[in-house]
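Trainee: Pasting a structure here, questions to come.
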Amino acid sequence: MATRGGKAKLIYCGLSLGGLAAGFPFAWMLLASFMSRGESLRRALLPERVQWDNYIEAWQEADFGLYFENSLIIAVLQVSGTLLFSVMAAYPLARMQFRGRDVVFTGVLATLMIPEAVTIVPNFLVVTWLHHNTPFAWLNSWPALTIPFMASAFSIFLLRQFMRGLPNELWDAARIEGSGHVRFLFQIAVPLCRAPLLTVGMFTFIGSWNALAWPLLVTNTPDWRPIAVGLQQFASEAGTEIHLQMAGAVIATAPVLLAYFLIQREFTEGISISGLKG
């Protein structure tokens, strides 16, 4: 018992240290957002006087309203597209029998091993080719910012794992009622996949909200750029306005934290349940 108690204390101590190490940058970001420019440059730990005007100045100086709106549009489009495509790809891999199914699934899993940075150049070449060879403008457009990332191998895998655990009796009952695969998918399977769908949506939302390199490649005007790009407005040849940059970072982080806290239970449940399905 004493040995178990000692191990538990060591585990809790390690978790506490890890939590402090992970939380300190966020705590300093929040504190620095209330500092004056001088305090932020000398890396003060606490502000002498709370500067609430930093948030107003950051919002106005970087035109955060435009960047915030762009990020919201990109996130909504990308989350919606990813959920739709992932559900439609995961269902046949989980519930339907066809030749080559396992080969297709292995190919999907193999793409998880490819770093995202490796796909940026091929995606950019495809987008520029479409821009010059189709009647639609792809550069500086919502499709260029969202479509290349709507097919997510991780999302397909997560949903497929959950759908494999759905009772076969549900499908048998649906067939007796005259339902086909499409009706069964959207009327029965999807409502039962609430937790993994929210998990997929959360991961996609975070990825789209934090996108930086790709928007810089496919856009050349602030009218299409998201909030992560807007944070660069506080860096110039004269130096970085750290206090305003931290205020902008707090504004940019707030929607992600809010979304996580709203679906925290379903988010963790979706990961744990999907991981247990065979």
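Rule-based calculations on the coordinates, nothing more; no lab input. Remember, predicted model here, so these are calculated numbers, not experimental data. All Cβ positions, glycine included, derive from the backbone under ideal geometry; neighbour counts span all protein chains shown.
Trainee: Just to be sure I follow the definition: excluding the sites themselves, where is the longest run in the chain that has none of the chymotrypsin sites (Phe, Trp or Tyr not before Pro) in a DSSP loop with at most 15 other Cβ atoms within 10 Å? Display every interim value, and only then the final one.
Mentor: Values: sites that count: Trp52, Phe98, Phe136.
Formally, the longest exposed-site-free interval is 137-278.
Trainee: So, one more: If you fit an axis through the alpha-carbon atoms of helix 2-32 and take the longest principal axis of the Cα set of the chain, what angle between them do you get, 0 to 90°, nearest 10?
Mentor: 60
Trainee: Ignoring everything except DSSP H segments at least 4 long, calculate the 222 nm mean residue ellipticity for the chain; use -39,500 (n - 2.57) per segment, divide by total residues, nearest 500.
Mentor: Working: 15 runs with 195 residues, N = 278.
-22000 deg cm²/dmol, from helical runs alone.
Trainee: Round to a whole angstrom and tell me the spacing of the C-alpha centers of segment 153-212 and segment 1-55.
Mentor: 38
Trainee: Remind me, relative contact order of the chain in percent, using alpha carbon pairs under 8 angstrom and six or more residues apart? Could you put the intermediate results ahead of the total?
Mentor: Numbers: 287 pairs, mean separation 87.5, N = 278.
For the chain, the relative contact order is 31 percent.
Trainee: Based on Cα positions only, what radius of gyration and what Dmax would you give for segment 62-276, in angstroms?
Mentor: For segment 62-276, the Cα-based Rg and Dmax read 19.9, 72 Å.
Trainee: May I ask for the longest run of the chain untouched by trypsin sites (Lys or Arg not before Pro) that are loop-located per DSSP and have at most 13 neighbouring C-beta atoms (other than their own) within 10 Å? Intermediate results must be reported in sequence, preceding the final value.
Mentor: Numbers: sites that count: Arg42, Arg43, Arg49, Arg99.
The longest uninterrupted stretch comes out as 100-278.
Trainee: Given a cut-off of under 8 Å on Cα pairs at least six residues apart, what relative contact order in percent is computed for segment 19-176? Could the numbers behind the result be given before it?
Mentor: Working: 94 pairs, mean separation 40.6, N = 158.
Reported as a whole number, the value is 26 percent.
Trainee: Now for a different question. Based solely on C-alpha atoms, express the radius of gyration and the Dmax of segment 95-134 in angstrom.
Mentor: According to the Cα coordinates of segment 95-134, Rg and Dmax are 15.1, 41 Å.
Trainee: If you don't mind, another one. For segment 37-80, which semi-axes, largest first and in whole Å, follow from the square roots of 5 times the eigenvalues of its Cα gyration tensor?
Mentor: Working: eigenvalues 199, 31, 14 Å².
Equivalent ellipsoid semi-axes, largest first: 32, 12, 8 Å.
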